[in-house]
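Scroll down for the structure; my scribbles are underneath it.
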Amino acid sequence: MIVCSNCKHENITGAMFCDECGAQLLQGNSLTTQSIEETTNKFNVGKKVADELYQSFNGMDAWGSLHLLDTGQVLPLSSRNEFTLGRISEGQPIMPDIDLSPYQAYGAGVSRLHAVIKRDGARIIFMDLGSSNGTYVNGNRLSPNVEQIVHHGDIFVLGKLKMQLLVKNT
């Protein structure tokens, strides 16, 4: 644990900023870089997938996915009909269904509970949950807590994190 010199909050080891007050937690002048093993794209999704039929999908019970545009990572949306999107933070009592923390969500300005995506029959609905840095669909900012119908190929931006909705053909 790292104790913040500003507010005395205990933060997880390796944290650079205090979860409580946002103060910088760097100890000394030395920073170390760790290599992160890159995951492979096991869903065989190409760059022009939104323009193609969505057929090869190994999510078994998934009805669609979120394609992270900066990394190429694909996050399947399983047979459940509703998912919250956000990032996990230590001490947070409510956690999102899809944790975007591994994809630089904190640096991109993704809120802890940022948005929700849900399937209602043939319709897919996206809604901002009152996030700090806003949510955009195809360049248009969503009003907080107002449902927006979305479609295959639509681009979402949560803070600065860009993703594309891919809907599986049935």
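Odds and ends about this structure:
- Put in line by how crowded their Cβ is, counting other Cβ atoms within 10 Å and starting with the fewest, 163, 16, 95 read 16, 95, 163.
- Residues 87, 80, arranged from fewest to most other Cβ atoms within 10 angstrom of their Cβ, appear as 80, 87.
- Placing dummy labels 7 Å off each Cα toward the beta-carbon, the span from residue 149 to residue 16 is 4.3 nm.
- Gain on full extension, evaluated as 0.36 nm per residue between residue 104 and residue 123 minus their Cα-Cα distance, stands at 3.9 nm.
- FRET efficiency for residue 82 and residue 1, using Cβ-Cβ distance with R0 set to 41 Å, rounded to 0.05: 0.70
Every number here is computed from the coordinates shown, using simple stated rules; none is lab data. As the structure is a prediction and not an experimental result, all values here were calculated from the model. Note that we place each Cβ from the backbone using ideal geometry, even for glycine, and neighbour counts take in every protein chain shown.
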